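Have a look at the structure below before the remarks.
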Amino acid sequence: MTQVTVAEAIGRTLVSLGAAHTFGVTGSGNFHVTNALVDGGVPFTAARHEMGATTMADAYARVTGRVAIVSLHQGCGLSNAMTGIAEAAKSHTPILVVSGDTAAGDRTSNFDVDQDAAVAAMGALPARIHSAATAVKDTAAAFAAAALERRTVVLSMPVDIQDQLIEIDGAIPTELPIRIPAGPSVESRDLLAKLLADAERPVIVGGRGARGARAEIERLAEAAGALLITSAAARGLFVGNPWALDVMGGFATDGATELVMDADVIVAFGAALNKWTTRSGRLVAGAKVVHVDDRLEAIGLHRPVDVGLVGDAAETAAAVAAVLESSGRATSGYRTPAVAKKVAASRYWKDQSFTPRPSEGRVDPQQLINRIDELVPLERVVVPDGGNVNCYPGAHLRVPDEKGFVIPLSFQAIGMGLAAAIGAGIADRSRMPVLGTGDGAFMMSLAELDTAVREGLGMVVIVFNDDAYGAEINLFEGVTDQLGIARFPETDIAAIARGFGCDGITVRSIDDVDAVSGWLDGPRSRPLVIDAKIAGFPSWLMLRGRADRPVGVTAH
Ligand SMILES: Cc1ncc(C[n+]2csc(CCOP(=O)(O)OP(=O)(O)O)c2C)c(N)n1
Ligand SMILES: [Mg+2]
């Protein structure tokens, strides 16, 4: 008979079900569970802040598709993680947060808060260890909800229950329940096939839910003569396909935007068609819109669509392609020689002409990012943070495939980028994380530089440093004189980074970027932080956003 504590049993259950990696900050409420995970062979990364731990796990799960564990102390440990939890929940990232919880009845504990209510308020799924007798089942159910339903789940583990002894022989499950992806109904399959056969200029948009369905969607696009493009969340999905543009929405080039706006049928696979992807609906206004998703509640959530089709992306694309192929209705559609040229010319920002606007001792951010894009190997995972400068890493840095881009902006919180880049780097050590962040976002989160150094990550961190919350300056310039509240004295970010054990360089002119080559030629055993003193002006994304915004609306 094997008797272990509930904490040990929780850890063993997670190991048995395939927990990939644990990120966390240890405290008395999660110490034993974390140790059980480590004993079971699950690697552990000690973050410096719970938001960092959660964001690392989020990025890790996005890159690997596996369930990552976040391990937190009860109460304050969990509340520190809330921004990361909301981000993961909004992104449908399968992570399982295991958090200590105050013993039932101990309402005067300093750590006591209503964890379930707090978690639910963030959009995550609250779960708990209800008793010693149900602990293994409770844990397995929480893990399954994360893995099978793409939920962000928070498992609260009361400390008194964790200490109890239970017998675990034969109790620990080794497999998750099987879920088989469902295809479209015959009627909806035939309807989509007809729409595409009749279309002259179809465009297929791949979103987060289309990841894993590339081959089937490419086959359908071929049969329908469609162009391919992705939402920001799925950037990279169709890289290498000659009929693929890069990204739709705010990050798109003008040529890509024109090609999408000229479409007569737009089919979105696993893409929410939110205001960012559609530029508040304008990009899809002239087309018949089809939305394919495996969750009924996702269809039409962000905007009305003409046809909603419930089905798995790969199953649906393959089924519709088969109908087009076997009925002799495959067509070349949008795929003309003139369009081929325009696709090739419009795909990447590096090929778009612009006039650099450096100022005294300050580099033009677009010129800077284009140069870094050339220098850094393409085997990379790109992470953009928020703010005015968001589009430079988000749109200009090319990505190798859909695992080469992690955008931690579903909650639009600044300061998630550094931890996301660390999580992505840990998820795939063969790829160089490349983070592009503003100075404000970076200063908010830089404690995790310590984690990057301990992990020996050869990552590149580009800090677009305008000594300001540039986005706010650009939004409120002309609206108020009080812009000083969003401005800061010059900060020597390279020196701060060196203090953490990183390599740090300062860039004041485009020639200073050459120092990056020196770092790339070295061992790449610690992060390179580039303190890029940039000329402060609204990025093309902000200017465009201003032009797009309905009169009278100022918030972003
Ligand atoms: C957590 C959080 N706090 C505040 C904001 C509001 N906000 C949006 S952009 C921004 C400025 C970011 O500054 P920085 O990172 O330097 O980028 P910049 O806009 O200067 O390019 C702020 C404060 C936010 N989005 N998220
Ligand atoms: Mg700034």
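The values are calculated or read from the model by the stated rules, or taken from the named source; none is laboratory data. Being a predicted model, the structure only gives us computed values, none of them experimental. Glycine gets a Cβ as well: all are built from the backbone with ideal geometry, and neighbour counts include every protein chain shown. The protein model used for the area step is the full one, side chains on, heavy atoms only, and it has no ligands, DNA or RNA in it. Shrake-Rupley method; radii C 1.70, N 1.55, O 1.52, S 1.80 Å.
Residue under question is Asp163, and the condition is that it be in contact with a strand residue (DSSP E or B) (Cβ under 8 Å, 6 or more places away or on another chain), touching a residue at least 12 places away in the same chain (Cβ under 8 Å), open to solvent by 60 Å² or more (accessible area, probe 1.4 Å) and of a type outside the set (Gly, Ala, Ser); does it hold? Yes, satisfied. All conditions but one from (1) modelled with pLDDT of 95 or more; (2) out of contact with any Phe, Trp or Tyr (no Cβ under 6 Å at 6 or more places or on another chain); (3) within 14 Å of Ala221 (Cα to Cα) apply to Leu309; the one that does not is (3). Within the range 324-342, identify whether any single residue is open to solvent by 10 Å² or more (accessible area, probe 1.4 Å) and within 16 Å of ligand 1 (Cβ to nearest atom), and answer yes or no. Within the range 324-342, none of the residues are open to solvent by 10 Å² or more (accessible area, probe 1.4 Å) and within 16 Å of ligand 1 (Cβ to nearest atom).
Between Thr437, Thr480, Thr451, which is within 12 Å of ligand 1 (Cβ to nearest atom) and of a type outside the set (A, V, I, L, M, F, W, C)?
Thr437 is the lone residue from the list that is within 12 Å of ligand 1 (Cβ to nearest atom) and of a type outside the set (A, V, I, L, M, F, W, C).
One residue alone among Gly478, Gly545 is at pLDDT below 95 and on the phi > 0 side of the Ramachandran plot, and that residue is Gly478.
Yes/no matrix, rows are residues, columns are (1) more than 12 Å from ligand 2 (Cβ to nearest atom); (2) in contact (Cβ under 8 Å) with a residue 40 or more places away in the chain; (3) open to solvent by less than 10 Å² (accessible area, probe 1.4 Å):
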{"position": "Pro408", "(1), (2), (3)": "yes, yes, yes"}
{"position": "Ile422", "(1), (2), (3)": "yes, yes, yes"}
{"position": "Ile426", "(1), (2), (3)": "yes, yes, no"}
{"position": "Leu435", "(1), (2), (3)": "yes, yes, yes"}
{"position": "Leu446", "(1), (2), (3)": "yes, yes, no"}
{"position": "Leu449", "(1), (2), (3)": "yes, yes, yes"}
{"position": "Glu472", "(1), (2), (3)": "no, no, no"}
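Restricting attention to the range 28-45, the residues being in contact with a Phe, Trp or Tyr (Cβ under 8 Å, 6 or more places away or on another chain), hydroxyl-bearing (Ser, Thr, Tyr) and open to solvent by 30 Å² or more (accessible area, probe 1.4 Å) number 0.
Criterion applied to Leu259, Leu245 was being farther than 18 Å from Ala313 by Cβ and part of a strand (DSSP E or B), and the one residue passing it is Leu245.
Within the range 179-214, can you find the residues that are among the aliphatic types (A, V, I, L, M), assigned to a helix (DSSP H, G or I) and either modelled with pLDDT under 95 or open to solvent by 60 Å² or more (accessible area, probe 1.4 Å) (or both)?
In the first step, residues of the range 179-214 are kept if they are among the aliphatic types (A, V, I, L, M); the result is 180, 182, 186, 191-193, 195-197, 199, 203-205, 210, 213.
Now drop any that are not assigned to a helix (DSSP H, G or I), which leaves 186, 191-193, 195-197, 210.
Val186, Leu191 - these are the residues of the range 179-214 that are among the aliphatic types (A, V, I, L, M), assigned to a helix (DSSP H, G or I) and either modelled with pLDDT under 95 or open to solvent by 60 Å² or more (accessible area, probe 1.4 Å) (or both).
Every listed requirement among (1) open to solvent by 40 Å² or more (accessible area, probe 1.4 Å); (2) in a loop (DSSP other than H, G, I, E, B); (3) within 30 Å of Lys275 (Cα to Cα) is met by Pro523 save one, (3).
Within the range 46-79, the set of residues being touching a residue at least 60 places away in the same chain (Cβ under 8 Å), surrounded by fewer than 21 Cβ atoms within 10 Å (Cβ to Cβ) and more than 27 Å from Gly236 (Cα to Cα) comprises Ala46, Arg48, His49.
How many residues are more than 22 Å from the chain's Cα centre (by Cα), surrounded by 22 or more Cβ atoms within 10 Å (Cβ to Cβ) and near ligand 1 (Cβ under 7 Å from one of its atoms) if we restrict to the range 454-470? Break it down into steps so the answer makes sense when it comes.
Initially, the range 454-470 is screened for residues more than 22 Å from the chain's Cα centre (by Cα), giving 454, 456, 465-470.
Those still in the list that are surrounded by 22 or more Cβ atoms within 10 Å (Cβ to Cβ) too: 465-466, 469-470.
Cutting the leftovers down to near ligand 1 (Cβ under 7 Å from one of its atoms) gives us 466, 469-470.
Summing the residues that are more than 22 Å from the chain's Cα centre (by Cα), surrounded by 22 or more Cβ atoms within 10 Å (Cβ to Cβ) and near ligand 1 (Cβ under 7 Å from one of its atoms) in the range 454-470 gives 3.
May I ask you to say which residue of Ser16, Ser99 is among the polar types (S, T, N, Q) and either buried (at least 18 other Cβ atoms within 10 Å of the Cβ) or touching a Leu at 6+ places or on another chain (Cβ under 7 Å) (or both)?
Numbers: Ser16 fails: either buried (at least 18 other Cβ atoms within 10 Å of the Cβ) or touching a Leu at 6+ places or on another chain (Cβ under 7 Å) (or both).
On inspection, the qualifying residue turns out to be Ser99.
Taken over the range 388-406, residues that are within 14 Å of ligand 1 (Cβ to nearest atom) and open to solvent by 40 Å² or more (accessible area, probe 1.4 Å) amount to 0.
The residues in the range 116-148 that are closer than 19 Å to Asp160 by Cα and in contact with a Pro (Cβ under 7 Å, 6 or more places away or on another chain) can be counted, and the count is 2.
Taking Arg498, is it in contact with a Gly (Cβ under 8 Å, 6 or more places away or on another chain) and surrounded by fewer than 16 Cβ atoms within 10 Å (Cβ to Cβ)? Yes.
So if I check each of Asp492, Asp503, Asp467, which one is out of contact with any Asp or Glu (no Cβ under 9 Å at 6 or more places or on another chain) and of a type in the set (Asp, Glu)?
Working: Asp492 fails: out of contact with any Asp or Glu (no Cβ under 9 Å at 6 or more places or on another chain); Asp467 fails: out of contact with any Asp or Glu (no Cβ under 9 Å at 6 or more places or on another chain).
It is Asp503.
Can you name every residue in the range 381-406 that is of a type in the set (A, V, I, L, M) and within 16 Å of ligand 2 (Cβ to nearest atom)? So that I can check it myself, show each step before the final result.
As a first pass, look at the range 381-406 and keep what is of a type in the set (A, V, I, L, M): 381-383, 389, 395, 397, 399, 406.
Hit for the range 381-406 is Val389, nothing else.
In the range 363-386, the condition of being surrounded by fewer than 16 Cβ atoms within 10 Å (Cβ to Cβ), within 16 Å of ligand 1 (Cβ to nearest atom) and within 29 Å of Met444 (Cβ to Cβ) is met by no residue.
Mind listing whichever residues of the range 151-178 are assigned to a loop (DSSP other than H, G, I, E, B) and more than 21 Å from Arg211 (Cβ to Cβ)? Quick ask: steps written out before the conclusion?
First pass over the range 151-178, keeping only residues assigned to a loop (DSSP other than H, G, I, E, B): 151-152, 163-164, 168-178.
If the condition is that a residue be assigned to a loop (DSSP other than H, G, I, E, B) and more than 21 Å from Arg211 (Cβ to Cβ), then Asp163, Gln164, Ile168, Asp169, Gly170, Ala171, Ile172, Pro173, Thr174, Glu175, Pro177 are the ones that fit.
What residue, among those in the range 16-42 that are in a loop (DSSP other than H, G, I, E, B) and in contact (Cβ under 8 Å) with a residue 60 or more places away in the chain, is farthest from Ser71 (Cα to Cα)?
Our first condition is that a residue be in a loop (DSSP other than H, G, I, E, B); within the range 16-42, this holds for 18-21, 25-30, 40-42.
Among the residues that remain, those that are also in contact (Cβ under 8 Å) with a residue 60 or more places away in the chain are: 18-19, 21, 27-30.
Details: Gly18: 16, Ala19: 12, His21: 10, Gly27: 9, Ser28: 11, Gly29: 9, Asn30: 6 Å.
For the range 16-42, the residue satisfying everything is Gly18.
I'm trying to understand the selection: among the residues of the range 343-355, which are part of a loop (DSSP other than H, G, I, E, B) and open to solvent by 50 Å² or more (accessible area, probe 1.4 Å)? Reasoning before the result, please.
Let us first name the residues in the range 343-355 that are part of a loop (DSSP other than H, G, I, E, B), namely 347-348, 352-355.
Answer for the range 343-355, where residues must be part of a loop (DSSP other than H, G, I, E, B) and open to solvent by 50 Å² or more (accessible area, probe 1.4 Å): Arg347, Ser353, Phe354, Thr355.
Every test in (1) open to solvent by 40 Å² or more (accessible area, probe 1.4 Å); (2) away from ligand 2 (no atom under 13 Å from the Cβ); (3) part of a loop (DSSP other than H, G, I, E, B); (4) of a type in the set (A, V, I, L, M) is passed by Ile485 save one, and that test is (3).
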